[in-house]
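Chemist: The structure is given below, and queries will be raised subsequently.
The values are calculated or read from the model by the stated rules, or taken from the named source; none is laboratory data. Not measured: the values here are computed from a predicted model. In this analysis, Cβ positions are derived from the backbone assuming ideal geometry, glycine residues included, and neighbour counts consider all displayed protein chains.
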Amino acid sequence: MLNPRHFLRMAKWARNPPSEKRVLLVFGVVAICLAIGGLDYFGVFPDWMAVNSHKP
């Protein structure tokens with residue numbers, strides 16, 4: 001269920017959309033995060049970049 005505030009924000013974005021540079025920046029950051037997550041998932045990271053787990 002959407003909050004009325006979401007409708008106001010969507011209307012504001014429809015009247016004044018973000019610039020192309022801003023959209024490219026957001027997509028670039030998302031792509032970098034997905035690439036890092038993929039490298040971590042497939043175990044390509046070196047050992048010095050791994051987080052030490054303290055599980056017993």
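Chemist: It is to be established whether one or more residues within the stretch 31-46 are exposed (fewer than 10 other Cβ atoms within 10 Å of the Cβ) and more than 22 Å from the chain's Cα centre (by Cα).
Modeler: Yes, the stretch 31-46 contains at least one residue that is exposed (fewer than 10 other Cβ atoms within 10 Å of the Cβ) and more than 22 Å from the chain's Cα centre (by Cα).
Chemist: Just to be sure I understand the filter: pairs with C-beta atoms under 7 Å, separated by 6 or more residues or on different chains, first member in the stretch 1-29 and in contact (Cβ under 8 Å) with a residue 40 or more places away in the chain, second member not in a helix (DSSP H, G or I). Which pairs pass?
Modeler: Short answer, once both residue conditions are applied: none.
Chemist: Which numbered condition in (1) of a type outside the set (Ser, Thr, Tyr); (2) part of a helix (DSSP H, G or I); (3) under 22 Å from the mean Cα position of the chain (by Cα) is the only one that Arg5 fails?
Modeler: Result: Arg5 passes all but (3).
Chemist: For the list (1) at pLDDT 95 or above; (2) surrounded by 10 or more Cβ atoms within 10 Å (Cβ to Cβ), I need the number of the one condition that Lys21 fails.
Modeler: With (1) at pLDDT 95 or above; (2) surrounded by 10 or more Cβ atoms within 10 Å (Cβ to Cβ) applied to Lys21, the lone miss is (2).
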